Protein chains: 2
Amino acid sequence: MTDSADWTTALVSARQTLVRASTAERVADILRDMVMEGRVLPGAKLAEDSIADALQVSRNTLREAFRLLNHERLVVHELNRGVFVRLLTEADVVDIYRMRRALEGAALRFWGESVDAGRPPAVSHVRSAVTMGVAAAERGDWDGVGTANMHFHRSIAALADSTRIDEIMSQLLAELRLVFHVMPTVRDFYEPYLGDNERIATLMEAGRSQEAVAVLLDYLDRAEDQLLRQFASTAGRRSEHADPAST
Amino acid sequence: MTDSADWTTALVSARQTLVRASTAERVADILRDMVMEGRVLPGAKLAEDSIADALQVSRNTLREAFRLLNHERLVVHELNRGVFVRLLTEADVVDIYRMRRALEGAALRFWGESVDAGRPPAVSHVRSAVTMGVAAAERGDWDGVGTANMHFHRSIAALADSTRIDEIMSQLLAELRLVFHVMPTVRDFYEPYLGDNERIATLMEAGRSQEAVAVLLDYLDRAEDQLLRQFASTAGRRSEHADPAST
DNA sequence: GCATATTTGTCCGTATGTATA
DNA sequence: CTATACATACGGACAAATATG
């Protein structure tokens with residue numbers, strides 16, 4: 001049961017195909033994957049005609065898929081101009097981390113309340129994400145470290161036992177991947193935080209929730225700082241970021 | 001400047017028309033208003049043909065509007081079955097309040113950090129929402145009290161200075177209105193909390209953020225409890241609540 | 001600054017598939 | 001099980017807005 005975190009996420013994505021999603025949703029899945037893998041870079045335009053042609057779907061269906069991705073904040077829709085892969089600003093990064101502190105902090109505090117009440121919820125998901133990250137680091141798989149780190153924070157948020165919080169967290173992490181694509185190496189970013197994750201998991205296993213919260217919030221502060229610095233140094237591309245009510 | 005809270009919300013909705021929203025968005029606006037005002041009750045089906053006919057828009061456009069409302073969780077979309085006004089469950093109420101505690105609590109704490117750092121942000125929005133509620137109560141306008149209460153909590157969340165948190169808060173409050181439509185009188189619900197809002201505002205003006213947080217979280221606990229009790233007593237209608245990946 | 005080409009926004013008609021009486 | 005109603009998806013059309021030379 002070391003990789004139980006993997007099972008659940010795998011099941012979640014599997015369910016989408018199980019319930020026989022609409023074509024618009026399947027198209028959105030394809031485009032989402034391309035965006036998340038960095039095959040289309042932030043700022044790039046997603047032209048209706050060519051994509052509808054390539055995927056063999058009607059423009060109407062494709063536009064429905066665009067709406068879905070727009071709501072996930074992965075693309076922006078500008079009236080009469082089309083849809084573009086989201087290009088995050090420094091303000092977005094600040095905003096996202098502010099939200100992460102709120103949600104992850106609250107989730108960990110909520111978990112702590114249960115501990116103090118004498119009925120400690122399981123920490124196994126958190127721990128398995130940590131070991132997953134360490135294993136990936138040991139074999140030099142820094143992409144795997146990034147994935148494990150996402151698992152870690154998703155399982156922290158999951159402690160709140162709220163589907164809405166889970167959903168928002170997934171969206172926030174997906175948005176952050178848009179930033180990573182504009183950054184040089186991923187190793188420099190994740191390596192310092194392997195220790196933090198380990199420390200948080202250990203504190204939780206010891207029932208010391210207060211300290212775990214403190215480490216987590218400090219972690220988030222530092223991660224935000226580092227990301228913003230990276231951002232400033234790679235301020236080469238800044239083209240469109242018209243911010244009108246995202247449609 | 002007593003009603004500055006009103007200005008901002010008015011501007012937000014005005015902006016939608018300013019940027020010359022697409023027809024899909026205008027249709028969504030109309031439907032949203034009808035749902036929020038309780039003119040179409042939770043569980044009711046929104047048939048494509050009749051609505052498209054009544055609003056004189058194509059079904060394509062209407063479907064785009066449905067997507068928007070679906071993302072706001074005001075309607076649910078069941079594949080090959082159509083769109084229905086959202087019907088909240090007890091689990092939804094629990095989930096929503098869990099999220100509210102996370103967001104409003106974090107916002108108030110964030111504000112407290114600024115206070116402790118010696119640069120106290122303005123509390124005028126919070127205070128004006130309180131006086132708005134008191135005034136409405138004095139003239140027996142319990143609908144106005146409800147609106148003022150929404151302003152109050154929105155301005156609490158706004159202390160986090162995060163557009164994402166603002167957005168989510170608005171959505172959560174909109175969802176809650178779906179519950180109110182299934183409830184008897186509104187007065188019994190809001191009256192007890194006028195005092196809480198007043199107390200929180202006063203504590204904030206005194207810079208006692210810790211205590212303000214405590215009162216707020218306690219307030220949310222009691223509101224959730226009361227709502228769940230109301231829910232149990234009005235458990236008359238429960239038809240569709242198929243929970244598949246909401247499309 | 002203008003004329004043209006391209007692309008989006010919106011609509012309609014229709015064929016197919018799905019759910020339900 | 002059949003029939004009916006409705007949702008899904010397509011392709012074509014045209015006006016309006018935008019981009020291009």
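The values are calculated or read from the model by the stated rules, or taken from the named source; none is laboratory data. Being a predicted model, the structure only gives us computed values, none of them experimental. Because the Cβ atoms are built from the backbone with ideal geometry, glycine has one as well, and the counts that use them run over all protein chains shown.
Can you tell me which residue in the range A:22-40 is farthest from the chain's Cα centre (by Cα), limited to those that are among the basic types (Lys, Arg) and more than 19 Å from A:Ser58 (Cβ to Cβ)?
The residue in question is A:Arg39.
Can you find even one residue in the range B:179-191 that is at pLDDT below 90, more than 10 Å from the chain's Cα centre (by Cα) and within 28 Å of B:Ala122 (Cα to Cα)?
yes
Just the residues that are surrounded by 23 or more Cβ atoms within 10 Å (Cβ to Cβ) and among the polar types (S, T, N, Q), please, taken from the range B:112-143.
Of everything in the range B:112-143, nothing turns out to be surrounded by 23 or more Cβ atoms within 10 Å (Cβ to Cβ) and among the polar types (S, T, N, Q).
Give the range B:142-161 a look and list any residue that's touching a Phe, Trp or Tyr at 6+ places or on another chain (Cβ under 7 Å) and outside any helix (DSSP H, G or I), or say none.
Answer for the range B:142-161, where residues must be touching a Phe, Trp or Tyr at 6+ places or on another chain (Cβ under 7 Å) and outside any helix (DSSP H, G or I): B:Leu159, B:Ala160.
Please determine, by comparing only the residues of the range A:36-77 that are in contact with a strand residue (DSSP E or B) (Cβ under 8 Å, 6 or more places away or on another chain) and away from DNA strand D (no atom under 16 Å from the Cβ), which one is farthest from A:Arg177 (Cα to Cα).
In this case the residue turns out to be A:Asn70.
When you look at B:Met169, is it assigned to a helix (DSSP H, G or I) and either in contact with a Lys or Arg (Cβ under 9 Å, 6 or more places away or on another chain) or within 11 Å of chain A (Cβ to nearest Cβ) (or both), yes or no?
Yes, satisfied.
Looking only at residues that are within 16 Å of DNA strand C (Cβ to nearest atom) and among the charged types (D, E, K, R) in the range B:29-47, which one is surrounded by the most Cβ atoms within 10 Å (Cβ to Cβ)?
Looking at the filtered set, the residue picked out is B:Asp29.
Show the residue pairs that are 6+ apart or on different chains and have beta-carbon atoms under 9 Å apart, the first residue being within the range A:180-202 and charged (D, E, K, R), the second being outside any helix (DSSP H, G or I) and at pLDDT 80 or above.
Hits for this filter: A:Arg187/A:Gly140.
Among the residues of the range A:78-92 satisfying the criterion of being touching a helix residue (DSSP H, G or I) at 6+ places or on another chain (Cβ under 8 Å), part of a strand (DSSP E or B) and at negative phi, which is nearest to DNA strand D (Cβ to nearest atom)?
A:Val83
Mind listing whichever residues of the range B:81-93 are away from DNA strand C (no atom under 13 Å from the Cβ) and surrounded by 15 or more Cβ atoms within 10 Å (Cβ to Cβ)?
B:Val83, B:Val85, B:Arg86, B:Leu87, B:Leu88, B:Asp92, B:Val93
Within the range B:110-129, does at least one residue satisfy the condition of being β-branched (Val, Ile, Thr) and at pLDDT 95 or above?
yes
Inspect all residues belonging to the range A:144-160 and state whether any of them is aromatic (Phe, Trp, Tyr) and surrounded by fewer than 20 Cβ atoms within 10 Å (Cβ to Cβ).
no
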